[in-house]
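Let me begin by presenting the structure, written as structure tokens, before commenting on it.
The values are calculated or read from the model by the stated rules, or taken from the named source; none is laboratory data. The model shown is predicted, which means the values in this text are computed figures rather than measured ones. Here the Cβ positions follow ideal geometry from the backbone for every residue, glycine too, while neighbour counts run over all protein chains shown.
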Amino acid sequence: MLGDPAPSYALAMADYQSWGRIPKATASAVRRVYWRSELAELDLGSSAALPYGLGRSYGDSCLNDGGILIDTSPLSRLIHFDFERGILRAEAGLSLQQLLAVAVPRGWFLPVSPGTQFVTLGGAVANDIHGKNHHRAGTFGRHVRRFELWRSDGSQQECSPDQNAELFRATIGGMGLTGVITWVEIQLVGIPSPCLQMERIRFRSLDEYLALESESSADYEYTVSWVDCMRSGPTRGLFQRANFAGGGTPRKARRPLCVPFDLPSFALNSSAVKLFNQTIFQLQQSERISRLTHYAPFFYPLDAVRDWNRIYGKRGFFQYQFLVPNDAEEAFREILRRISSARQGSFLVILKKFGNIASPGLMSFPREGLTLALDFPNRGQATCDLLDDLDELVQQAGGCVYPAKDARMSPASFQAYYPQWKEFSRYTDPQFSSSFWRRVTAGAVA
Amino acid sequence: MKRILITGATSAIAQETARLFAADGAALLLVGRDSDKLAAVADDLRARGAEKVETEIVDLIDLARCSRLIDEAVEKLGGLDALLVAQGTLPDQAECEADPLKTLFEFSLNAMGPITLLLRGAAYFENRRSGCLAVITSIAGVRGRKTNYIYGSAKATVSTFLEGLRGRLCGTGVSVVDIRPGFVDTPMTAHLPKQALFATPESVGARIYRAMIAGDDVVYTPWFWRWIALVLQLIPRRIFVKLSI
């Protein structure tokens, strides 16, 4: 190593941003933790602290403006792997990509997988993430057997459904505010091969979509849909369903159909997105196709493009993910109409029906209903106004918005979506806070 | 490559290399100073499939202890196929300049220890007519630069030693691998500002793994450092002494 004594400027603080790159925040310091044994000497002074993994939260739930970030990404060691039973204990900074690289060759897979491999185990717990099999498996937290939590008073507590159960419940979906998760033990699921048998089916209305969901939920582990949000009239899109396959070799990987990785300008104006969506919808030659696919392009199509968030330019983008209960179907349609008439959305629109399996976290986002996630390039006030309107509709429908993706919801909206936030605040670490938490609890007394 | 001795095994680069050998089912003896850290690395390697992981807490400043490690590894692992010397420190240059004893101490860690291990390892492997001796040196050993010549000259000592040793072992079936990384983002360089030339320990570790299996001789990692090294070597001395690098 060259190791030149170099001019002492700050250690690339600019790298500690969120995925949507809104808002900009500057931590007063970053403490990078390389070893679990270093936590005992971790010096936080009197600043507010927050754990930071790979920064894939979209908004400000992973930011701590003016405070300390505790970067846990170097904590990526396995602690124990029971190859027979599929129980894995690993340090919280291990990314899901690193985990799968070890688990898949031994016939194990994540019980719940999000849309990217570039999140840490700790982040998966702290946001109680969900995936394409929510209707069968619930959220990630349901498969967590136990974890260890470091608190700013220096204590290290093991938490499980039976031990420190309240802290266990608060930390799952607790957005890193209850302390630093140092390791996590999860139950993996067995897979017969790394490949899935996948079907993709066109739908031309929300009713068609709902019929596909109910026809598939019993027999298919994974379902998810892409929706064309730039079109007035009935909602159309592509419905995907899949199961892990017994074996075989996947067809030579074609570029996944979802994203124009190499054509950033597409994202930036509405006629381009419209044209793109039309192409995606028509590109599939038949109404339904069926093929064998490797798990990576199926679960993580966007991971093929590093830093895809940059296509939205320096101003960044908002991601909005909401859910409404099943009985609020009309409200869901109204929200879709509002989005398509605003012509601000982009090509990345994902629709999923959550099942009725309860989430284990006190602050978990997923509950039974329909959820939609989409990107909005940052167009300033116009975008914020639209999202405020959507919030109102979601709130009226008894739904909620996902904090891990939020950069702008009002304290009133947050507190309406998560009335249990006051109970939750009893479990937060007194020295822990985030830009998100300060924003959504502003003016309120817990 | 089934049985491997790694000194400085808790270094970020050594951990990444060891993970790849562990996935192949290797047996490893890990040597380091800190018992908590060694235990964490050993657990990680076992969970990744290592057939056997032994640890030894040793302060590698103790050269007598260094000279016994090969024998210990042979005993604990039932033989030895490779040695990876990954120990090292990046000393504070100003402190070393002010204190010759500190300079000698750093020299001992970065050069004398590795040479001790290499002489013992060479004797063992030469006798068996197979094996791999690999050392993480540095791009800093290519020229003596005024900003970092104490670390650089210790690394250069090892590189020159390895070149001679390679000649001695030529034709015996023993490979001698000199790994020269550039900037790597590790705890050792945590205090340095990060720029575009920094590589991840994962990529450097993977390169070392491949080099040890292939029996490469001199390896710059990432690859572009070979050309930077060449440019450094070509700069005339009269100009070089005036450079502030």
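Tabulated data
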item: Scan of region B:129-148 for residues that are within 29 Å of B:Ile235 (Cβ to Cβ), in a loop (DSSP other than H, G, I, E, B) and not hydrophobic (A, V, I, L, M, F, W, C), ordered by number; result: B:Thr137, B:Ser138, B:Arg143, B:Gly144, B:Arg145, B:Lys146, B:Thr147, B:Asn148
item: Test result for B:Ala14, assigned to a helix (DSSP H, G or I), crowded, with 24+ Cβ neighbours inside 10 Å and touching a Leu at 6+ places or on another chain (Cβ under 7 Å); result: yes
item: When residues of region B:71-97 are limited to those that are outside any loop (DSSP other than H, G, I, E, B), more than 10 Å from chain A (Cβ to nearest Cβ) and closer than 25 Å to B:Pro181 by Cα, the one nearest to the chain's Cα centre (by Cα); result: B:Val85
item: Helices (runs of 4 or more DSSP H) wholly inside region A:96-199 containing at least 2 residues that are of a type in the set (Gly, Ala, Ser) and crowded, with 20+ Cβ neighbours inside 10 Å; result: A:121-126
item: B:Tyr149 being in contact (Cβ under 8 Å) with a residue 40 or more places away in the chain, within 13 Å of chain A (Cβ to nearest Cβ) and surrounded by fewer than 20 Cβ atoms within 10 Å (Cβ to Cβ); result: yes
item: Candidates A:Arg288, A:Arg315 - the one that is at pLDDT below 90, under 26 Å from A:Glu221 (Cβ atoms) and either surrounded by fewer than 16 Cβ atoms within 10 Å (Cβ to Cβ) or within 18 Å of the chain's Cα centre (by Cα) (or both); result: A:Arg288
item: Residue tally, condition buried (at least 16 other Cβ atoms within 10 Å of the Cβ) and either out of contact with any strand residue (DSSP E or B) (no Cβ under 6 Å at 6 or more places or on another chain) or among the aromatic types (Phe, Trp, Tyr) (or both), over region B:28-38; result: 2
item: Selection from region B:32-57 of residues that are more than 9 Å from chain A (Cβ to nearest Cβ) and part of a loop (DSSP other than H, G, I, E, B); result: B:Arg33, B:Ala50, B:Glu51
item: Tally of residues being within 8 Å of another protein chain (Cβ to nearest Cβ), surrounded by 15 or more Cβ atoms within 10 Å (Cβ to Cβ) and either of a type in the set (D, E, K, R) or in contact with a helix residue (DSSP H, G or I) (Cβ under 7 Å, 6 or more places away or on another chain) (or both) across region B:187-203; result: 1
item: Residues (over 17 Å from the mean Cα position of the chain (by Cα), assigned to a loop (DSSP other than H, G, I, E, B) and under 29 Å from A:Trp108 (Cβ atoms)) located in region A:44-72; result: A:Thr72
item: Filter result (within 18 Å of A:Leu370 (Cβ to Cβ) and either surrounded by fewer than 18 Cβ atoms within 10 Å (Cβ to Cβ) or of a type in the set (Lys, Arg) (or both)) within region A:200-214; result: A:Arg204, A:Ser205, A:Asp207, A:Glu208, A:Leu210, A:Ala211, A:Ser214
item: Extreme residue, surrounded by the fewest Cβ atoms within 10 Å (Cβ to Cβ), among residues of region A:235-272 that are in contact with a Ser or Thr (Cβ under 6 Å, 6 or more places away or on another chain) and modelled with pLDDT under 85; result: A:Gly247
